[in-house]
1. Any idea how many residues of the stretch 166-179 are over 22 Å from G204 (Cβ atoms) and open to solvent by less than 40 Å² (accessible area, probe 1.4 Å)?
2. Being open to solvent by 20 Å² or more (accessible area, probe 1.4 Å) and either modelled with pLDDT under 95 or closer than 17 Å to Q361 by Cα (or both) is true for just one of F419, F393. Which residue is that?
3. I'm trying to understand the selection: among the residues of the stretch 190-202, which are within 17 Å of D137 (Cα to Cα) and either of a type in the set (D, E, K, R) or open to solvent by 40 Å² or more (accessible area, probe 1.4 Å) (or both)?
4. Residues in the stretch 140-165 that are more than 20 Å from L179 (Cα to Cα) and open to solvent by less than 50 Å² (accessible area, probe 1.4 Å): how many?
5. Looking only at the stretch 307-326, count every residue that is assigned to a loop (DSSP other than H, G, I, E, B) and either at positive phi or open to solvent by 30 Å² or more (accessible area, probe 1.4 Å) (or both) and tell me the total.
6. Looking at the stretch 131-139, is at least one residue closer than 25 Å to K235 by Cβ and surrounded by fewer than 19 Cβ atoms within 10 Å (Cβ to Cβ)?
7. From the residues in the stretch 18-40 that are touching an Asp or Glu at 6+ places or on another chain (Cβ under 9 Å) and in a strand (DSSP E or B), which one is surrounded by the fewest Cβ atoms within 10 Å (Cβ to Cβ)?
8. So how many residues does the stretch 203-240 have that are at pLDDT 95 or above and either open to solvent by 30 Å² or more (accessible area, probe 1.4 Å) or among the β-branched types (V, I, T) (or both)?
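The values are calculated or read from the model by the stated rules, or taken from the named source; none is laboratory data. Remember, it's a predicted structure, so these values are computed and weren't measured experimentally. Here Cβ is always computed from backbone atoms with ideal geometry, including for glycine, and neighbour counts include all displayed protein chains. These area figures cover heavy atoms from the full protein model, side chains too; ligands, DNA and RNA do not enter into them. Shrake-Rupley method; radii C 1.70, N 1.55, O 1.52, S 1.80 Å.
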Amino acid sequence: KQASCVQYRLVVRDANTLQILQLYTCLDQIQHLEWSADSLFILCALYKRGLVQVWSLEQPEWHCKIDEGSAGLVASCWSPDGRHILNTTEFHLRITVWSLCTKSVSYIKYPKACQQGITFTRDGRYLALAERRDCRDYVSIFVCSDWQLLRHFDTDTQDLAGIEWAPNGCVLAVWDSCLEYKVLLYSLDGRLLSAFCAYEWSLGIKSVAWSPSSQFLAIGSYDGKVRILNHVTWKMITEFGHPATVNNTKIVVYKEAEKSPPLGHLAFPPPRAATGPLTSSESKYEIASMPVSLQTLKPAADRANPRIGVGALAFSPDNYFLATRNDSVPNAVWIWDIRKLRLLAVLEQLCTVRAFQWGPQQPRLAICTGGSKVYLWSPAGCVSVQVPGEGDFQVLSLCWHPSGDSLALLSKDHFCLCFLEMEKGVRMAFGQRGDCT
C-alpha cells in the first residue's frame, strides 16, 4: 500500500494501481505521516496543533488522537513494534512514549536537539537516545519492551551531533559536531570501544554510514575525503579522495548529455506559456575519454555551511559498493568498489545531485537532480529515464519500495510511481501529494 496526504486528508492507495483504498480526514493540515512497521496503522502528525492522529487499516472506524497540549510537538515517530508512539515536545523538554495497547504513558527527559539524536537497533529491542544536561552530552539506552533504562553514560563530545546503531545492534557510533573531529564507538553496555580522530583545527565530520554487514563505518569529512573504519580494530583501512580530475583508465566516467533531435525533425521553441527549464529535454549517458575534468564549485568563504565536503554517502545492500557525493563537485556521484577498495565509476549529471538511494534488494542506485528525469545505475551500466506527462515534473526526492521493484518519485505537489519491469522496461503512474510514504 501507499499513503499520501493532501492538506488534512490522508489517502491510502494500492501501490500497483494507485486505486484509492481508504480516505481519512484529520483535524488539521498534516505535516508528517508514517507507517507502523507491520503496515497496520498510519501515524499523522499535526505539529501546528500539537496533535497526533492514528488510523487503522484493518478497522477503518477505529482511530486514536494524542494531544500533547501546551507542551507542543516538534517530532513524532513509531517504535519498532508498531504499538508505541514517541512524541518530542517543543524545545526538546521531553519525549513522551504512548502505548496504543495499554494507553499507558512514559516520559524520557532531556532529549538533545541534534542532527540524529534517536536510534533503534534493527531488531527493535533497544533505543539509544542522545541527551544534554548540565552542559554535557549523555547517551541513555532503553529496553523497548518496557521502556526501562538499561545504561546511561556520558560521552566525551563537545557538542554531540548524531548517534547510530550498527545494523547488528552490537555497536553504537557517536559523533561530534563539525567543529570537533571525533567518532566514538560504544558497546551495548556503555563501554568505550574506540575513538577516531582524523585531524584537528578544521571542520570535521559531515556524514556517517554503516555498511549493512556492520563490518565497515564510512565517515564523510569536510576535507572532501571518506574514511573507512573496520569492525575488528576500529582503525582506518583506507580513505577515498574526490579529485576534480579523473585520469585512471580503469574508472568509467558517465557524462549526462542532452539527446539530439532526430534528423529531419525541426525543433521549434515552445510558446511562452509552456516554456520550462532545460531539464525537460531527454538525455543519455556517454562514456567520457580520459582525462576528465569534473565541474567544481568554489565555496563562499564568508557564509555559514559552506558547500564543501562529503555531504552524502550510502552502502549498497550487498556491501559491495559505496556511493558518495562531494558537495564541492555538486553534479557528480562517485561509486566505490568496497571489495577492491577503489573508485569504480563516476556519474556526472547536467544538474546538481539532490538525492540518491540504493534499492533494498539489488545493487541498483537511483539518482535525482530536481529535473524531470530519474537516473539508475547498476554494475551493468546506467540509464536516464524521462518522467512522462504534461508539464515539467521536477523530481526532488525519491524512495524505493521494500521489494525493490518500484520507487516513488516526489515533486513539490505530486508523486509518481516508477515500476521497474524486466521485460517491459519502466512504467510510471502519477498522483497528488502533500507528503508521501
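1. Our first condition is that a residue be over 22 Å from G204 (Cβ atoms); within the stretch 166-179, this holds for 167-170.
Then keep just the ones that are open to solvent by less than 40 Å² (accessible area, probe 1.4 Å); that gives 167, 169.
Residues in the stretch 166-179 being over 22 Å from G204 (Cβ atoms) and open to solvent by less than 40 Å² (accessible area, probe 1.4 Å): 2 in total.
2. Details: F419 fails: open to solvent by 20 Å² or more (accessible area, probe 1.4 Å).
The conditions single out F393.
3. R191, L192, A195
4. Selection size over the stretch 140-165: 8.
5. 7
6. Initially, the stretch 131-139 is screened for residues closer than 25 Å to K235 by Cβ, giving 137, 139.
After this cut, where a residue has to be surrounded by fewer than 19 Cβ atoms within 10 Å (Cβ to Cβ) as well, the list is none.
So far as the stretch 131-139 goes, no, none of its residues is closer than 25 Å to K235 by Cβ and surrounded by fewer than 19 Cβ atoms within 10 Å (Cβ to Cβ).
7. I20
8. Going residue by residue through the stretch 203-240, those that are at pLDDT 95 or above are 204-240.
Cutting the leftovers down to either open to solvent by 30 Å² or more (accessible area, probe 1.4 Å) or among the β-branched types (V, I, T) (or both) gives us 205-206, 208, 212-213, 215-216, 219, 222-223, 225-226, 228, 231-233, 235-239.
Going through the stretch 203-240 one residue at a time, the tally reaches 21.
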